[in-house]
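**Q** I'd like to ask you about the structure that follows.
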Amino acid sequence: MAGRLPTLWVGVRAVTAPLIERYRDRLPVTDQTPVVSLGEGSTPLLRAPRLSERLGVDLWLKWEASNPTASYKDRGMTVAVSKAVENGAQAVVCASTGNTSASAAAYAARAGIQAVVLVTEGAAGGKLVQARALGARVLAVRGSFDAALATARELGERDGYVLVNSLNPHRVEGQKTAVYEIVEELGGPPDAFVLPYGGGGNTTAYAKALGELGLDTPLHSVEAADRPRTLASAIRIEQPAHSERVEASGARVHPVTDEEIVDAWLELAGEEGLFCEPASAAGLALLRTSDALRGARVVVTITGHGLKDPAAADRHAPLPLQVDPDSDAIARALG
Ligand code: F0G
């Protein structure tokens, strides 16, 4: 399968192809669809040499934090907002633990329409700041994500509004492109895909891509063992909206504890230089606690950036050492 080159070099200037252009033939767009893009997709697929050796797997990391709003949501949002504009929407609406709202806010601003985002209590600070700065109407909803999502669905029924949660099928269409990129870049499928499982939209999207490619590569979806209370705020969702589709997809679902998530999260940063948010490390937490994938070539999707949740890093990463501006004293302090 010949993939289009994601980046064209014109003289010394790189021109990044919008995700919709790269995969136009596999997405529900036409010449009438305005392309609302911030240069999403075409994210790095990084081999993880140290973790591969330690865990006895051939480990590859799909670094989705390098999307424009620093999470994989942008893949779905470029398609959902482009289609919303095509269909005459004046506003997009979503409920979110944070990343969907930041992405909706950015693409709505880019399209010149309003974003109304319902964020849940406990949404990470960096994501809230993003949505606010991007000009969204940000409403902090009391109660759980599940209650906020039910309300967003109702708002999405109103004239002029379009729901851009992953219940919108255009979100799933856009997000499936991560699998296309991985298969193109590896020259074939890996032995397994591993990704976090919150609402299940991304698992649904990966399963759709595999179906389209005629592949039966195993999908491993990793959820927080304590869904309603996990420190991984992005996946703090009690009732996954896509649970039936996840079940039908054949994905294997694995729970991991918060402690396992934090250990994986710190290791990903310290060993491979990828600072993600805690939820994004759920996939690695599975590999560290199970040897079911020993010897396999595994792609783990790292879904969002660590800077989105500075409070989590504050709690778990070592504090700076207080020193005087004196090189001898600093050398002593470093041991
Ligand atoms: N990783 C991150 C960083 C997320 O933000 C999410 C979901 C997931 C994983 C789980 O993906 O829901 O497709 O199974 N975030 C949603 C939000 C709920 O509102 O931003 P999923």
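Taken together, the values in this text are just the output of simple stated rules run on the coordinates, not laboratory data. Fair warning: this is a prediction, and the values are worked out from it, not measured in the lab. So basically every Cβ, Gly included, is an ideal-geometry build from the backbone, and we count neighbours across all protein chains shown.
**Q** Compute a Gaussian network model of the chain, connecting alpha carbons closer than 10 Å, and tell me which residue from GLN239, GLN322, GLN114 fluctuates the most.
**A** Result: GLN322 has the largest fluctuation of those listed.
**Q** Something else: Between GLN90 and GLU157, what is the spin-label point distance in nm, taking each point 7 Å from the Cα along the Cα→C-beta axis?
**A** 2.0 nm
**Q** Rank ALA140, ALA264, ALA248 by mean-square fluctuation in a GNM of the chain with C-alpha springs under 10 angstrom and give only the top-ranked residue.
**A** ALA248
**Q** Moving to a separate point now. Let a ≥ b ≥ c be the square roots of the eigenvalues of the Cα gyration tensor of region 222-262; is it rounded (a/c under 1.5), or, if not, prolate (a/b larger than b/c) or oblate? Provide the component values of the computation, followed by the final result.
**A** Values: a/c = 3.15, a/b = 1.66, b/c = 1.90.
It comes out oblate by the Cα gyration axes.
**Q** Let me ask another. Give, in nm to one decimal, the length gained when the segment between ASP216 and SER290 is fully stretched (0.36 nm per residue of separation minus the Cα-Cα distance). Working shown, then result.
**A** Values: separation 74, 0.36 × 74 = 26.64 nm, distance 2.13 nm.
Stretched fully, the ASP216-SER290 segment lengthens by 24.5 nm.
**Q** For region 203-223 and region 25-102, what is the separation of their C-alpha centers, rounded to whole Å?
**A** Using only Cα atoms to place each centre, the spacing works out to 16 Å.
**Q** So how far apart, in nm, are the two label points at LEU319 and GLU184 if each is 7 Å from Cα heading toward Cβ?
**A** 4.8 nm
**Q** What is the sum of charges, Lys and Arg at +1 and Asp and Glu at -1, for the other residues whose Cβ falls under 14 Å from the Cβ of VAL79?
**A** Working: positive: ARG22, ARG24, ARG26, LYS73, ARG75, LYS83, ARG110, ARG171, LYS176, LYS208; negative: GLU21, ASP25, GLU40, ASP74, GLU86, GLU173.
Summing Lys/Arg as +1 and Asp/Glu as -1 gives +4.
**Q** Let me ask something else. Under 20 Å from the Cα of LYS62, which lysines turn up, not counting those fewer than eight places away in the same chain?
**A** Once the sequence-local lysines are set aside, what remains near LYS62 is LYS73, LYS176, LYS208, LYS308.
**Q** Sorted by average packing, counted as other Cβ atoms within 10 angstrom per residue and highest first, what order do 39-46, 146-153, 57-64, 309-316 take?
**A** On the way: 39-46: 20.2, 146-153: 18.8, 57-64: 22.8, 309-316: 15.6.
Per-residue Cβ counts within 10 Å, averaged per peptide and sorted highest first, yield 57-64, 39-46, 146-153, 309-316.
**Q** Can you give the helix-only mean residue ellipticity at 222 nm for the chain, where every DSSP H stretch with n ≥ 4 adds -39500 (n - 2.57) and the sum goes over all residues, rounded to the nearest 500 deg cm²/dmol? Don't jump to the answer; show the numbers that get you there.
**A** Numbers: 14 runs with 134 residues, N = 335.
My calculation for the chain gives -11500 deg cm²/dmol from helical runs alone.
**Q** Further question: Please report how far the C-alpha centroid of region 158-201 lies from that of region 227-277, rounded to the nearest whole angstrom.
**A** Taking the Cα centre of region 227-277 as reference, the centre of region 158-201 is 16 Å away.
**Q** Provide the FRET efficiency to the nearest 0.05 for the GLU247-GLU271 pair, computing r from the beta carbons and using R0 = 45 Å. Write out the running numbers ahead of the final one.
**A** Working: r = 34 Å, r/R0 = 0.75.
For GLU247 and GLU271, the calculated efficiency is 0.85.
**Q** Now for a separate question. Let's see if you can work this out: charge +1 on each Lys and Arg Cβ, -1 on each Asp and Glu Cβ, no other charges. What is the dipole magnitude of the chain about its Cα centre, in debye to the nearest 20? Provide the component values of the computation, followed by the final result.
**A** Values: 33 positive and 40 negative charges, 150 e Å.
With Lys and Arg at +1 and Asp and Glu at -1, about 720 debye.
**Q** Taking square-rooted eigenvalues a ≥ b ≥ c of the alpha carbon gyration tensor, is the chain rounded, prolate or oblate, where a/c under 1.5 means rounded and, failing that, a/b exceeding b/c means prolate? Walk me through the numbers before you get to the answer.
**A** Values: a/c = 1.41, a/b = 1.23, b/c = 1.15.
Note, shape of the chain comes out rounded.
**Q** Answer rounded, prolate or oblate for region 156-228, using the Cα gyration tensor with square roots of eigenvalues a ≥ b ≥ c: rounded when a/c is under 1.5, else prolate when a/b is larger than b/c, else oblate. Don't skip to the end; give the middle numbers.
**A** Details: a/c = 3.11, a/b = 1.45, b/c = 2.15.
Verdict is oblate for region 156-228.
**Q** Looking only at GLU157, GLU184, GLU86, which one moves most when the chain is put into a Gaussian network model with springs between Cα atoms under 10 Å?
**A** GLU157
**Q** Also: Excluding same-chain residues fewer than 8 positions from LYS127, which aspartates and glutamates have a Cα within less than 12 Å of its Cα?
**A** Qualifying aspartates and glutamates at Cα under 12 Å: GLU277, ASP309.
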